[in-house]
1. What residues qualify as long-range amide H neighbours of residue 59, i.e. H under 5 Å apart, gap of 5 or more or another chain, H built at 1.01 Å from N?
2. Based on alpha-carbon centroids, what's the gap between region 101-174 and region 281-359 in Å, whole number please?
3. Quantify, in whole percent, the carbon and sulfur part of the accessible surface of region 121-214 (1.4 Å probe; protein heavy atoms only).
4. Residue by residue through region 138-147, what is 3J(HN,Hα) from phi via Karplus (6.51 cos²θ - 1.76 cosθ + 1.60, θ = phi - 60°)? Round to whole Hz and write x for glycine and proline.
5. Skipping prolines and chain starts, which residues have an amide H placed within reach, meaning under 5 Å, of the one on residue 75, given they are 5 or more residues away or on another chain?
6. Apply the Karplus parameterisation 6.51 cos²θ - 1.76 cosθ + 1.60, with θ equal to phi minus 60°, to every residue of region 279-294 and state each ³J(HN,Hα) to the nearest whole Hz, in sequence, with x for glycine and proline.
7. In the structure displayed, which of 183/247; 297/369; 105/222; 136/332; 247/297; 248/269 lie more than 29 Å apart, Cα to Cα?
8. Let me know the longest stretch in the chain that avoids all chymotrypsin sites (Phe, Trp or Tyr not before Pro) found in a DSSP loop with at most 14 other C-beta atoms within 10 Å.
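The values are calculated or read from the model by the stated rules, or taken from the named source; none is laboratory data. Here the structure is a predicted model, which is why all the values come from computation and not from measurement. Here the Cβ positions follow ideal geometry from the backbone for every residue, glycine too, while neighbour counts run over all protein chains shown. Note: areas computed on protein heavy atoms with side chains; ligands, DNA, RNA excluded. Shrake-Rupley method; radii C 1.70, N 1.55, O 1.52, S 1.80 Å.
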Amino acid sequence: MGNLAQQYIDIAKEHYPHEPEFLETVTEVLTSVEPLLEAHPEYIESGLVERLIEPERGIQFRVPWVDDNGKVHVNRGYRYEFNSALGPYKGGLRFASNVYPGIIKFLGFEQIFKNALTGLPIGGGKGGSDFDPSGKSDAEVMRFCQSFMSELYRHIGPNTDVPAGDIGVGGREIGYLFGQYKKLTNRYEGALSGKGLTFGGLAGRAEATGYGVVFFLREMLKHFGDTLEGKTVVVSGYGNVTWGTIKKLNEFGAKVITISNHEGYVLDKDGVEGDKVDYLLDLRASGNRKCSPYADKYENAEFIPDKKPWEVPADIYIPCATQNEITLEDAKQIVANGAKYLCEAANMPTTPEAVAYLKENGVIIGPAKAANAGGVACSCIEMSQDAQHTFFTPEEVYDQLEKIMVNIHRQCEEASAVYGLGYDLVAGANIAGFERVANAMMAEGIV
Ligand code: GLU
């Protein structure tokens, strides 16, 4: 790496030494776009990179709520409105106990480039709380969401900032957040996406991230004259993204043989198919954060505790759970298993050392900010549905989603080729996303 990227990475390190996840993504993106920075001295002269790595606005607030026994709890709420060069801030809310500014900022920074790749008019933002909804009653989750929105409502709106779901925030949470937003503002409008179908939600939004991942993966295989038919796939997680990914993989004739959670993984050599796929939704709804009941329910499936699914041999690996779930150790296992492709469905699931090792050993990587952009792309379609007071059919949505994913793959492929990097989708995604945001920022002046 030259000095150009390093000087900005050093600035981020100096200002945010205690946010390793944020520094990880800043380092990854800026290292990739070094050739672009070299080709555009005007970016340097206008302080574009310093501006880009600093959120436009960060909000932190107190979220007090009362549990079912009358006990008071206080959580921290966050919204980082990172970049609005391309449109209103857009990105999910994550409710998980490990949430702190470093996590929200890493997600917000990634979101800028992901959203840019969709080609749609959306900026980047992210928010959340260190509240963990698992094990809480519906009434507790509702009171928490109402308290969270009692502060957040003044910062968001259909043309300002449009939050959605992420880990720990699904249809139930979005419903409660929307109800409180409407009550406080007296406006029925698309200030949130991922809503239920009866109140402005988009048909197909729940499947969108997973479907998009598989459309992107299909394009990766196509590049090598390959198809998904008959491929064995190892995935992690068992939530919404995993569910959508498995559904679409099955449609394309691939066989998925694992699901997982933080306690271990389930191996189902018969394949997660038919009613087993929708059973994932029941598992999720049970709120106990376990995937092992799958192995109790289906005869040939077994639960392997305290292990990650990456040890299972397969043609394709798709991490769908969380950041840094594939370490260098895991990458070595994946290479030893003879894998050809890894496609990231979760945000930043592969550590930088693991990415480097996989690339060196010929594994083709589909990076998250490109491959999982189908979720936020459909959120933007939901925003336009709400603005038009209309309703799009699932077919209309899937059709647009597929076109968007094919286009994202093409952009990554082309950007990588233009800079002489061959077929490097990781670099291509960073360069193509960065260039689009940078062009808009240049045009909009120093703000
Ligand atoms: N949380 C999702 C993501 O990581 C979706 C964001 C959205 O729909 O706004 O892209």
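1. The answer is 79, 80, 81.
2. Measuring centre to centre over Cα atoms gives 25 Å.
3. Looking at region 121-214 in its full context, I get 50 percent from C and S.
4. 4, 5, 5, 4, 4, 5, 4, 4, 5, 5
5. 63, 65
6. Whole-Hz 3J(HN,Hα) from phi for region 279-294: 4, 4, 5, 5, 4, 4, 5, 5, x, 9, 6, 10, 10, 4, x, 4.
7. 183/247; 297/369; 105/222; 136/332
8. Formally, the longest exposed-site-free interval is 1-187.
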